[in-house]
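Here is the structure we will look at, set down as structure tokens.
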Amino acid sequence: VAHELRTPLTNILLWAQTAAEQGTADPRMVERAITVITDESKRLERVVQDMLSISEIESGRQNLSLTDVDLLILAETLREDFGPQAREKGIELSFDLPPKLPVLTADRDKIGVALHNLVGNAIKYTPAGGTVTVGVRENEEGQVIFEVQDTGIGIKESDLTRIFERFQRAEDERIAGITGTGLGLAIARDLVRLHGGDIEAESQPDEGSRFTLRLPGRRAA
Ligand code: ADP
């Protein structure tokens, strides 16, 4: 994580200095500096946000604010948030929702963060031309199941449980160039477990991965 904090900071400082020193002579360089500084600030913001989520979870101060969650709106939000990124990368993002959606009583924001992390990963670890599918269904026990499936690089069997631990990333040279802190899945699993649910991963290297998020449907009053 030190690397994930230091790299964007170094880039921001370098580009700010360069723009300050040579900006008047080269307006195009200033434009480039603004782009890099903006992108790197966003990256830094994500890392800081992840670290804050972890410390909040650790402090045990997490309260669930339970409501009936509109799964159609939840899916629509994911589509809005990730559609452009998927399109830009040449990935097809689709949603598989049953005509009659299950009822889910949960903390909408926390489930939103967990799904965000799963869909974000699916897009991040899937090369151009692939597909990411988000499915929702209810199982026989009345639990609500979300499935985030991709046709990406996949995960080796030996990494499948480790990746849910904090700061752990797969031992795969292909992820070296993909930014990440190894916190997203740990956060997602903590948030889902707070609800009495869980997340599991299945994967076939080079073929893709499926993350299954299971939540109790309607809470007993
Ligand atoms: P990161 O910030 O590294 O993405 P995560 O905790 O979200 O952290 O994920 C941990 C690791 O699990 C990733 O570094 C990657 O190796 C692996 N991983 C997660 N999602 C996927 C996926 N959909 N396909 C392949 N590998 C994945």
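The values are calculated or read from the model by the stated rules, or taken from the named source; none is laboratory data. Owing to the predicted nature of the structure, the values given are computational and were not obtained by experimental measurement. No Cβ is skipped: glycine too gets one built from the backbone with ideal geometry, and neighbour counts run over all protein chains shown.
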Legend entry - Matching residues, segment 105-145, being closer than 16 Å to Pro216 by Cα, assigned to a strand (DSSP E or B) and in contact with a helix residue (DSSP H, G or I) (Cβ under 6 Å, 6 or more places away or on another chain): Val136
Inset, instruction - Output the number of the condition that His116 fails; it satisfies all remaining conditions of (1) within 16 Å of the ligand (Cβ to nearest atom); (2) closer than 20 Å to Gly197 by Cα; (3) crowded, with 20+ Cβ neighbours inside 10 Å. - result: (3)
Inset, instruction - Could you tell me whether segment 186-194 includes any residue that is within 7 Å of the ligand (Cβ to nearest atom), at pLDDT 95 or above and surrounded by 15 or more Cβ atoms within 10 Å (Cβ to Cβ)? - result: yes
Legend entry - Test: residue in segment 30-37 that is within 21 Å of the chain's Cα centre (by Cα), part of a helix (DSSP H, G or I) and surrounded by 11 or more Cβ atoms within 10 Å (Cβ to Cβ): no
Inset, instruction - Confirm whether Arg193 is outside any strand (DSSP E or B), without any contact (Cβ under 8 Å) to a residue 40 or more places away in the chain, of a type in the set (D, E, K, R) and out of contact with any Asp or Glu (no Cβ under 6 Å at 6 or more places or on another chain). - result: yes
Inset, instruction - Could you grab me the full set of residues in segment 195-221 that are more than 8 Å from the ligand (Cβ to nearest atom), farther than 25 Å from Gln62 by Cβ and not basic (Lys, Arg)? - result: Glu202, Gln204, Pro205, Asp206, Glu207
